[in-house]
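First up is the structure itself, then whatever we jot down about it.
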Amino acid sequence: MDEGDFSPGTVISVKEISEIRGIREDDGLAIGAATRLCDVATDPSVRRFAPSLAQASSLIGSRQIRAIATIGGNLCNAAPSADTAAPLIALDAQFVLVSRQGERIVSAIAFFRGPGETMLEPGELLREVRIHKAQGRAGECYIRHTPRARMDLAVASAAVWLTVDDSDQISASRIALGAVAPTPLLADEAAATLVGQPLTPELLEAVAEAAADAAQPIDDVRASADYRRHLVRTLVKRAVPMAFDAARGLQGETR
């Protein structure tokens, strides 16, 4: 509206609609789209069962912005660098969309269509985000690179979710990347490389290279495509061991 792209006849705030606010826990987590980012970042249930999402939410903007901005706003804006998108994709979250025609549930990865574009139809709202609780020993991590330490957009980001078996081998994995393609994406080949293998420096190199191959970056005023691929390699090599240690209960909070 500020840039004159469109001029709606009426503007309605949805932030006071109780049905799309708050966080509840049952067999999983349900986070209302109008829940403030500061609440997502500090909620005990989110910090316990989706710590990567709590971490990502705590990085957005300033404290004042997080006290106003919502998780639904961060997602529906559909910026490739949106911090909450990559963790939710790695967590295989589901989005509940509602309209006068009813309700439909879509995966986080399918929700994003392009920069500023989602699969929301006219008259449709994002009502809530649903995250299932992992079974067994699971760990996760969200990490990003920004030119400034605070109040900046990610030049590249990576979210890792994985589980380990009784012998501490990785049994399942998902790796999501942000700001390196028109939409946040899954690095499926990189994640598959981890499964059934002991975590070694050589394996980390292979996973990082596969993740960089999955990226589709462009040159822009913030970074070159080559630099973004380099960042993907670096971030994935850092994030995988952090998620692995979390799954084994060696650091941070585990799911």
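Mind checking whether some residue in the stretch 207-226 is among the aliphatic types (A, V, I, L, M), assigned to a helix (DSSP H, G or I) and within 24 Å of Asn74 (Cβ to Cβ)?
Yes, the conditions are met somewhere in the stretch 207-226.
Return the residue satisfying two criteria in turn: it lies in the stretch 49-84 and is more than 21 Å from Ala243 (Cβ to Cβ) and charged (D, E, K, R), and of such residues it is surrounded by the fewest Cβ atoms within 10 Å (Cβ to Cβ).
Arg63
Take the residues in the stretch 115-131 that are among the acidic types (Asp, Glu) and under 12 Å from Ser99 (Cβ atoms); name whichever of them is surrounded by the most Cβ atoms within 10 Å (Cβ to Cβ).
Within the stretch 115-131, the subset among the acidic types (Asp, Glu) is 117, 121, 124, 128.
Then drop every residue that is not under 12 Å from Ser99 (Cβ atoms), which leaves 121, 124.
Numbers: Glu121: 10, Glu124: 16.
Applying the filter and picking the extreme gives Glu124.
Given the condition assigned to a helix (DSSP H, G or I), out of contact with any Asp or Glu (no Cβ under 8 Å at 6 or more places or on another chain) and outside the structural domain of Ile60 (by TED's automatic domain parsing), answer yes or no: does some residue in the stretch 168-188 qualify?
yes
Hey, among Arg48, Arg63, which residue is of a type in the set (D, E, K, R) and touching a residue at least 60 places away in the same chain (Cβ under 8 Å)?
Exactly one residue qualifies, and that residue is Arg48.
Residues in the stretch 194-206 that are among the polar types (S, T, N, Q) and either assigned to a helix (DSSP H, G or I) or in contact with a helix residue (DSSP H, G or I) (Cβ under 8 Å, 6 or more places away or on another chain) (or both): how many?
Step one: filter the stretch 194-206 for residues among the polar types (S, T, N, Q), giving 197, 200.
Cutting the leftovers down to either assigned to a helix (DSSP H, G or I) or in contact with a helix residue (DSSP H, G or I) (Cβ under 8 Å, 6 or more places away or on another chain) (or both) gives us 197.
The number of residues fulfilling the criteria is 1.
The values are calculated or read from the model by the stated rules, or taken from the named source; none is laboratory data. Since the model is a prediction, treat every value here as computed from it, not as a measurement. Every residue, glycine among them, receives a Cβ derived from its backbone with ideal geometry; neighbour counts consider all protein chains shown.
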